[in-house]
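Colleague: The structure follows.
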Amino acid sequence: MSSDLPEFFFRVRENGAAVFHVDTENRQRRIEMDQIAVVNIKNGEIKPHGDHTLSPAEVNGIRVWMEERRALLAARAMDDIHRAVDHLNLTTQWAQSKATDEQLDEITDTLLLAMHDLRSVLVRKKADRLVKGRK
C-alpha cells in the first residue's frame, strides 16, 4: 500500500489547499502526514507552514497540483453551465406542462429577473466579442 501513496496530500479548502507530505517510511509503518504549506489557487501564492522550508521539488509538486486543480475547476465550471442550460430547459417544460398557478406565482418574478440579468450580460459580452473581432 505504501508504494501506491502519493508524495503529497492536498486538503482542499475554499481558495486552495493545505499541503501535507505523506510519509510511510517509519518504524511503525504508519502513514504520517506533516503539513508543509498552504496554497492559494486564485493568486498562486504558496506559503510554507511553520518552520518548514520548501524544497524545489516540493514547490514543483505543488505547482503541478495547482495547474491540474485550476484545469479541473474550469472544467467543472463549464459542466455547471451546461447543467444550467439543461435546468432552464427542464424548467420551461415544467412551467408549460406541470406547474400550478400557485407555483408559478412563487417563482415567476425571481426567475424573470435572473433570466433578464443573464440575458443582459450575455448580450453585452457577445457585442464586446463582435467589436473585438472587427479590429
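Rule-based calculations on the coordinates, nothing more; no lab input. Owing to the predicted nature of the structure, the values given are computational and were not obtained by experimental measurement. Virtual Cβ from ideal backbone geometry, glycine too; neighbours counted across all protein chains shown.
Colleague: Restricted to Cα positions, what overall size does segment 1-52 have along the principal axes? Three whole-Å values, descending.
Modeller: The Cα atoms of segment 1-52 stretch 38, 24, 13 Å along the principal axes, largest first.
Colleague: Follow-up. Can you list residues whose amide H is under 5 Å from Phe8's amide H, if they're 5+ apart or on another chain and H is modeled 1.01 Å from N?
Modeller: For Phe8, the qualifying residues are Val22.
Colleague: At q = 0.21 Å⁻¹, what log₁₀ I(q)/I(0) does a Debye calculation on the Cα points of the chain give, no solvent, two decimals?
Modeller: -1.23
Colleague: Turning to a different aspect of this structure: When ranked by the protection proxy of mean other Cβ atoms within 10 Å per residue, highest first, what sequence do the peptides 123-133, 55-65 form?
Modeller: My ranking of the peptides, most packed first, is 55-65, 123-133.
Colleague: Roughly what would the spin-label model give for Val123 and Ala77, points 7 Å off Cα along C-beta, in nm?
Modeller: Inter-label distance under the simple model: 2.5 nm.
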